[in-house]
Amino acid sequence: MRGSEIRNIFLEFFREKGHQVVRSSSLIPGDDPTLLFTNAGMVQFKSVFLGQEIRPYSRAVTSQKCMRAGGKHNDLENVGHTARHHTFFEMLGNFSFGDYFKRDAILFAWELLTERYRLPKERLWATVYEDDDEAAALWKELTDIPAERIVRLGAKDNFWQMGDTGPCGPCSEIIIDQGPEIGCGRPDCTVGCDCDRYLEIWNLVFMQFERTASGELTPLPRPSIDTGMGLERLAAVLQGKHNNFDSDIFGPIIAAICSASGKSYGEGRLTDTAIRVIADHMRAITFLLAEGLTPSNEGRGYVLRRIIRRAARYAKSLDVAEPLLYKLCGSIAEAMSDVYPEIGEELPRVQQILKLEEERFNRTLEQGLSILQGVIRGIKGADATVISGEELFKLYDTYGFPLDIARDVADESGLTIDEAGFHREMEAQRVKARASWSVEEAGAAKIYGDLIHRHPKTIFTGYEEMASEATVLAILVDGEAGDSIEEGCKGEVLLDRTPFYAESGGQVGDTGEFHAEGLRAVVTETKRPVEGMHVHRVLIKKGTLRVGDRIRCVVDREKRLATMRNHTATHLIHSALRNVLGEHVKQAGSLVTPERMRFDFTHFYGLDGATIRAVEDEVNGSVMRNIRVDTTEMETSRALESGVIALFGEKYGDKVRVVSVAGVSSELCGGTHVAATGDIGVFKIFSEGSVASGIRRIEAVTGFGALSHYREEEEELERVIELLKTSERPAERLKRLLAEMKEMERTVEQLKGRSAAESSARILDHVRDIKGVKVVACRIDGLDTRDLRVLADNVRDSLGAGIVMLASVKDEQAAIVAMVTAGLIRQFSAGSLLKEVASLAGGRGGGKPDLAQGGTREIDRLDKALESLYDIVRKQVG
């Protein structure tokens, strides 16, 4: 049974049992800042389990794309060395939101495994939480598993919780006995042993409690079910394989790796490990890049960069010198694009980004080798023998420099490495990066969750109007439910309906006012803490606002109109960038405010002036054509099939709003937009730059904002013209002035050089010989640090071998430079000498053995401190 068939059987089985088949959400959680990546099937239903969102179905089934690399669940370093660990995998899961519970969950699982997948009943075991008598009895009643194969385990193995607080409950794992030949061979080997004989294939979580901050467990009013079963593991079991990588799921990518590298899978342990690492990582890399993530030095992008570099390191161990990974993306697309079409659609862009990243890694690997050689020289110079874990981790973290290569280089140099220290640094980084669902976040979410269960969803009327009547349903003051907000106080207000747009999709929330007889309240922010709820943050200027009051809501019209102009412009620029730069362009983020718009997009190079003008022209062309902007609500699946642009990481419900500009753009968007493109007025880009590797950012203005920008530029030009004393061709006049300045600078440099030569000659007259070591300390005022270093270079070169320390006073502070020639740095350190002299002058400084810099503001102590250099050297010579 092939992996694709296993997936289809699972989804179809639960569809027959009344479950809604829900498409996989993005690997990048759209509304959960506590997670780096989607790491389980329940992530997209988290708000449902927390009671913050109500779906139109109470049963669901998914095959969810998952990632476990970085954060709390991090399998990265184990991948390739074990039979089961993966970064990317698919999790099959069925879910009940207050519908069925333990009985049906166990019945469904047993029927699917034994009747549809035909696993042998005599090899199946079940584990239950040690105190869960109900689950143990149900396994015995409903299945053919005898009591001796129902094992009770503690909380570590069989109790699941979302975080320190919140929903939790016992779980039950279904285990298959793979036979004694697979196990450790110990006579006491049983369920719970670390060997692979008793293999977990499915985990059923019975979500029946809520844990409070004090640790108390209280029963949930609507117990739920959350299950998870790894597709790769199940495929290996059903195909009689004892290693996930030997299943048909990994066949195409492993074949591609062998073809590209000339190696054979199965020829040796080290080669097999490398092939498995690359096969696993290529799935993670391809999916993450296809979803719009790019390699960077922080957050999710940093994890992606680490995965790419780990795969690239193992590619080099297969004796492949040139970039290899980008050539393998096609095999992933060929195997999986029928289920995940975005892989095929984004293939050219994925390959381009990956090739650039591989080339960058090759350069940094060379740079890392150079830095490591410098570290080794320093260690040998200090008569040490060990490269510290801190230095090794810095090389690994900054350059992706492999520990095994560092070990080989150290061996060749007669040194050892501090592996324990390296792993301590690695663990410290893991702890720092680990994300968790905090008590405060869970507490805040609970307040809003309680509100949405007590009150209907907010009716948003802001697409049609900017003012309306509404009733106050609830009030929060300092995060607690209240009855009123007094004059001069702040609070949060929930209404039955509102024209105020709540911040989402990159668009800021509306501001404005509430009015009633004797009441005036300023709305400073509108947010959407949970789906379907608009919360208004207010400051009461006059009167008292109470629950049940009937009020008039008035949106700040001018700000809303400006925001609408900027939001529609983001859709136009997205289309323009794809037309001008290519189909690889994808939105990577946006911010829409009344003042401006910001648009982040995937692209590899900066935009020159001509390209920026071409984008501006295309957008303004659409503006001048005054095309009608249409909005339509439709089912998500139908919208996606129609070819509209959807953003990965965004969370879409069963129905979506499609915003279309005929012949130009069609996107899923819940924001507010102009009625026709002509309402934008004019569009102007004022900034373009890089925000991360492969991510560019454009900032632009429209309407009155663009007009203000043009006026500011015009006023700036007028000031330049006034300064240049010319009204014609100011650029030509400025060009001539700059040429004259350069000529003057050349003359000054020549004079400085002549002066430095003369100064060098005078300084050399002060050289003293201290037991065979030439030493000179001198003060020459009026030089800045750069010129002082040039002078010190000249003196050092003239000296041949020796120690130089020069100081110069300028603008009431002194700069000090010290240099030690190459032949003396084993005996003397410029950094140590300068540090001691600078401290005597009331200053500080330091540097390398051959060059150091420092300074002081206590000028009156400088001459005596410089003179002390001779005594310091005399003591060190002995």
*Tally time: how many residues in region 615-638 are under 23 Å from Glu699 (Cα atoms) and within 33 Å of the chain's Cα centre (by Cα)?*
4
*If a residue has to be free of Cβ contacts under 8 Å to residues at least 24 places away in the same chain and outside any strand (DSSP E or B) to count, how many in region 672-720 make the cut?*
11
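Kindly indicate the residue of region 167-188 that is outside any helix (DSSP H, G or I) and touching a Lys or Arg at 6+ places or on another chain (Cβ under 6 Å) and also nearest to Val48 (Cα to Cα) among those meeting that condition.
Here is the first cut: in region 167-188, the residues outside any helix (DSSP H, G or I) are 167-179, 183-188.
Still in the list and also touching a Lys or Arg at 6+ places or on another chain (Cβ under 6 Å): 168, 176-178, 183.
Values: Cys168: 14, Ile176: 32, Asp177: 35, Gln178: 37, Gly183: 40 Å.
The qualifying residue nearest to Val48 (Cα to Cα) is Cys168.
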*Select from region 457-483 the residues that are part of a strand (DSSP E or B), at pLDDT 95 or above, over 15 Å from Met533 (Cα atoms) and open to solvent by 40 Å² or more (accessible area, probe 1.4 Å) and list them in ascending order.*
Glu469
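Answer yes or no as to whether Ser317 is at pLDDT 90 or above and more than 20 Å from Lys586 (Cβ to Cβ).
No: the conditions fail for Ser317.
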*Could you tell me whether Ala865 is open to solvent by 30 Å² or more (accessible area, probe 1.4 Å) and under 26 Å from Ala761 (Cβ atoms)?*
no
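Here is a check on your reading of the model: is Leu369 assigned to a loop (DSSP other than H, G, I, E, B), open to solvent by 20 Å² or more (accessible area, probe 1.4 Å) and modelled with pLDDT under 90?
Values: assigned to a loop (DSSP other than H, G, I, E, B): no; open to solvent by 20 Å² or more (accessible area, probe 1.4 Å): yes; modelled with pLDDT under 90: yes.
No.
Are there any helices (runs of 4 or more DSSP H) wholly within region 231-307 with 2 or more residues that are under 20 Å from Lys355 (Cβ atoms) and open to solvent by 10 Å² or more (accessible area, probe 1.4 Å), and if so which? Walk me through how you get there before you give the answer.
Working: elements: 231-238, 251-261, 269-290.
Hits in region 231-307: 251-261.
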*Of all residues in region 180-210 being in contact with a Pro (Cβ under 8 Å, 6 or more places away or on another chain) and open to solvent by 30 Å² or more (accessible area, probe 1.4 Å), which is nearest to Asp104 (Cα to Cα)?*
Gln208
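Kindly indicate which of Ser337, Ser317 is touching a residue at least 40 places away in the same chain (Cβ under 8 Å) and of a type in the set (Ser, Thr, Tyr).
Working: Ser337 fails: touching a residue at least 40 places away in the same chain (Cβ under 8 Å).
None of the other options fit; the residue is Ser317.
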_Subset of region 158-172 that is out of contact with any helix residue (DSSP H, G or I) (no Cβ under 7 Å at 6 or more places or on another chain) and at pLDDT 90 or above - its residue that is most open to solvent (accessible area, probe 1.4 Å)_ = Phe159
*Residues (among the charged types (D, E, K, R) and under 13 Å from Leu92 (Cα atoms)) located in region 16-41*: Arg23
*Only residues that are out of contact with any Asp or Glu (no Cβ under 9 Å at 6 or more places or on another chain) and open to solvent by 30 Å² or more (accessible area, probe 1.4 Å): list them for region 790-810, please.*
Val790, Asp793, Asn794, Arg796, Asp797, Ser798, Gly800, Ala801
_Enumeration of residues in region 526-579 that are touching a Lys or Arg at 6+ places or on another chain (Cβ under 9 Å), at pLDDT 95 or above and farther than 30 Å from Phe601 by Cβ_ = Val535, His536, Arg537, Val538, Leu539, Ile540, Lys541, Lys542, Gly543, Cys553
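Any idea how many residues of region 677-692 are of a type in the set (S, T, N, Q) and crowded, with 17+ Cβ neighbours inside 10 Å? Don't jump to the end; show me each part of the working.
First pass over region 677-692, keeping only residues of a type in the set (S, T, N, Q): 677, 687, 690.
Filter once more, so that each one left must be crowded, with 17+ Cβ neighbours inside 10 Å: 677.
Number satisfying all stated conditions: 1.
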*Looking at region 811-837, which of its residues are within 11 Å of Ile859 (Cα to Cα) and buried (at least 24 other Cβ atoms within 10 Å of the Cβ)?*
Ala814
*Here are Ala109, Ala105: which of them is open to solvent by less than 30 Å² (accessible area, probe 1.4 Å), over 20 Å from Gln161 (Cα atoms) and either assigned to a loop (DSSP other than H, G, I, E, B) or among the hydrophobic types (A, V, I, L, M, F, W, C) (or both)?*
Ala109
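Please go through region 774-788 and give me each residue that is touching a residue at least 60 places away in the same chain (Cβ under 8 Å) and not aliphatic (A, V, I, L, M), ordered by number.
Here is the first cut: in region 774-788, the residues touching a residue at least 60 places away in the same chain (Cβ under 8 Å) are 775, 777-779, 785.
Cys778, Arg779, Thr785, listed by residue number.
Of all residues in region 14-32, which are out of contact with any Lys or Arg (no Cβ under 6 Å at 6 or more places or on another chain), in contact (Cβ under 8 Å) with a residue 24 or more places away in the chain and not hydroxyl-bearing (Ser, Thr, Tyr)? If you could, list the steps in order and put the result at the bottom.
First, pick out the residues of region 14-32 that are out of contact with any Lys or Arg (no Cβ under 6 Å at 6 or more places or on another chain): 14-17, 20, 22-23, 25-26, 28-29, 32.
Filter again for in contact (Cβ under 8 Å) with a residue 24 or more places away in the chain, leaving 14-15, 17, 20, 22-23, 25-26, 28-29.
Within region 14-32, Phe14, Arg15, Lys17, Gln20, Val22, Arg23, Ile28, Pro29 meet the criteria.
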*asked:* Can you tell me which condition Phe95 does not meet? The list is (1) open to solvent by 20 Å² or more (accessible area, probe 1.4 Å); (2) farther than 17 Å from Ile176 by Cα; (3) not in a helix (DSSP H, G or I), and all the others hold.
replied: (1)
_In region 34-56, the residues that are free of Cβ contacts under 8 Å to residues at least 40 places away in the same chain and of a type outside the set (S, T, N, Q)_ = Val43
*asked:* loosely packed, with under 15 Cβ neighbours inside 10 Å and over 26 Å from Thr62 (Cβ atoms): which single residue out of Glu148, Glu115 fits that description?
replied: Glu148
*Selected residue (criterion: most open to solvent (accessible area, probe 1.4 Å)) from residues of region 523-562 that are assigned to a loop (DSSP other than H, G, I, E, B) and among the aliphatic types (A, V, I, L, M)*: Val547
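Do the conditions hold for Gly192, that is, is it free of Cβ contacts under 8 Å to residues at least 24 places away in the same chain and assigned to a loop (DSSP other than H, G, I, E, B)? Steps first, answer last, please.
Numbers: free of Cβ contacts under 8 Å to residues at least 24 places away in the same chain: no; assigned to a loop (DSSP other than H, G, I, E, B): yes.
For Gly192, the condition - free of Cβ contacts under 8 Å to residues at least 24 places away in the same chain and assigned to a loop (DSSP other than H, G, I, E, B) - is not met.
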*Does Leu356 fit the bill of being open to solvent by 40 Å² or more (accessible area, probe 1.4 Å), under 30 Å from Pro252 (Cβ atoms) and in contact (Cβ under 8 Å) with a residue 60 or more places away in the chain?*
yes
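Considering only residues that are touching a residue at least 12 places away in the same chain (Cβ under 8 Å) and more than 23 Å from Ile343 (Cβ to Cβ), which ones fall in region 263-294? Show your work before the answer.
Looking only at region 263-294, we keep the residues that are touching a residue at least 12 places away in the same chain (Cβ under 8 Å), and these are 263, 270-271, 273-294.
Listed by number, the residues that qualify are Lys263, Leu270, Thr271, Thr273, Ala274.
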_Looking for something over 48 Å from the mean Cα position of the chain (by Cα), among the small types (Gly, Ala, Ser) and modelled with pLDDT of 90 or more - is there at least one such residue anywhere in region 850-868?_
yes
*Among the residues of region 722-770, which ones are open to solvent by 80 Å² or more (accessible area, probe 1.4 Å), modelled with pLDDT under 90 and not in a helix (DSSP H, G or I)?*
Lys725, Ser727, Glu728, Arg729, Asp765, His766
*asked:* Among the numbered criteria (1) hydrophobic (A, V, I, L, M, F, W, C); (2) part of a loop (DSSP other than H, G, I, E, B); (3) in contact with a His (Cβ under 8 Å, 6 or more places away or on another chain), which one does Ala321 miss?
replied: (3)
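From Arg520, Arg565, which residue is open to solvent by 20 Å² or more (accessible area, probe 1.4 Å) and assigned to a strand (DSSP E or B)? Please lay out each step first, then the result.
Numbers: Arg565 fails: assigned to a strand (DSSP E or B).
Within the list Arg520, Arg565, the selection yields Arg520.
The values are calculated or read from the model by the stated rules, or taken from the named source; none is laboratory data. Bear in mind the structure is a predicted one, so any value in this text is a computation, not a measurement. Counting neighbours? That spans all protein chains shown, and the Cβs are built from the backbone with ideal geometry, glycine included. Surface areas here come from the heavy atoms of the whole protein model, side chains and all, with no ligands, DNA or RNA. Shrake-Rupley method; radii C 1.70, N 1.55, O 1.52, S 1.80 Å.
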